[in-house]
Amino acid sequence: MVGPERPQFVLFGSSIVQYSYSNQGWGAILADIYARKADILLRGYSGWNSRRGLQVLDKVFPKDAAIQPSLVIVYFGGNDSMRSHPSGLGPHVPLPEYIENMRKIALYLKSLSEKTSVIFLSAPPVNEAKIREILSDTLGDMGRTNEACQIYSEACLELCKEVDVKGIDLWRALQQRDDWLNACFTDGIHLSSEGSKIVVKEILKVLREADWEPSLHWKSLPIEFADVLPDEVVSSDRKTTSPIGEADYHGYMELEETNRAS
């Protein structure tokens, strides 16, 4: 481990999480926004469902760890929602089991520490035509439909209310864009940079509005080594300086501005 100790944000889930550092993904954007403020840790496993996530929960999040995460963002649901295969193989998890798996995951994570907060991401929509165009030759009929994603998304959000964790409705959030079918995905399932920006926008909104103590919104967290700045930026008046560490250099301020306007 390296120091100083920072808040840890863990992203836990299936391929939407594993690929969140690709294609200017939402994990990479969060790491950029929280530079010098929090460590964004990736625990994503492509192809997994809630059943697999539950199996390794105590290995990814051991209760005897010296440091527990400040925030865990969880995504399972898209693979669970896929049509069951006659062979019994595949990632499909029946809806009642999915709900119970996610309930167990939520309660376990909440028990890690009093300071561990949890956000669930619901299943996003899919572009069924694009899936058939790009993935059917290699993966066959994946049995993934927008209708099924909605059912699992709504079940996830209802569970969030029951167990008192924050839930983000990705199924509806992505479809707020008129061109979501083409703009939000790389292959009909996984998120493009535009789709990832929507995810980050929704996460930042939750973090800004949550009454968690301490606040985990990036503007509320201290800048690491703010008192040890070797250089400063000369301001536009050429007479004063501004600390480099406090500059909004990451270029994602429009996500916050969009949130305030909505």
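Every number here is computed from the coordinates shown, using simple stated rules; none is lab data. None of the values given here were measured: they were computed from a predicted structure. Because the Cβ atoms are built from the backbone with ideal geometry, glycine has one as well, and the counts that use them run over all protein chains shown.
Partners of Lys130 within straight-line reach, counting lysines whose Cα lies under 23 Å from its Cα and excluding those fewer than 8 residues away in the same chain: Lys197.
Write down the Å³ per residue value for the convex hull defined by the alpha carbon atoms of the range 65-210.
Values: hull volume 19.2 nm³, N = 146.
It is 132 Å³ per residue.
Structure shown: which of Lys104/Lys166; Lys115/Lys166; Lys166/Lys201; Lys63/Lys115; Lys115/Lys205; Lys161/Lys219 lie over 21 Å apart, alpha-carbon to alpha-carbon?
Details: Lys104/Lys166 15 Å; Lys115/Lys166 14 Å; Lys166/Lys201 15 Å; Lys63/Lys115 13 Å; Lys115/Lys205 19 Å; Lys161/Lys219 27 Å.
Beyond 21 Å: Lys161/Lys219.
Using a/c under 1.5 as the rounded threshold, could you call the range 1-114 rounded, prolate or oblate? The axes a ≥ b ≥ c are square roots of the C-alpha gyration tensor eigenvalues, and prolate needs a/b larger than b/c, oblate otherwise. Oblate shape, in that a/c is at least 1.5 and b/c is the bigger or equal ratio.
Counting only the Cα atoms, the range 1-54 fills a convex hull of 85 Å³ per residue. Look at where the Cα atoms of the range 11-30 and of the range 72-133 average out, and the two centres are 16 Å apart. Under the combined filter of DSSP loop state and at most 12 neighbouring Cβ atoms within 10 Å, the range 63-132 retains these GluC sites (Glu not before Pro): Glu114.
How would Ser193, Ser70, Ser220, Ser50 line up from fewest to most surrounding beta-carbon atoms within 10 angstrom?
Values: Ser193 16, Ser70 20, Ser220 12, Ser50 28.
In order of increasing Cβ crowding within 10 Å: Ser220, Ser193, Ser70, Ser50.
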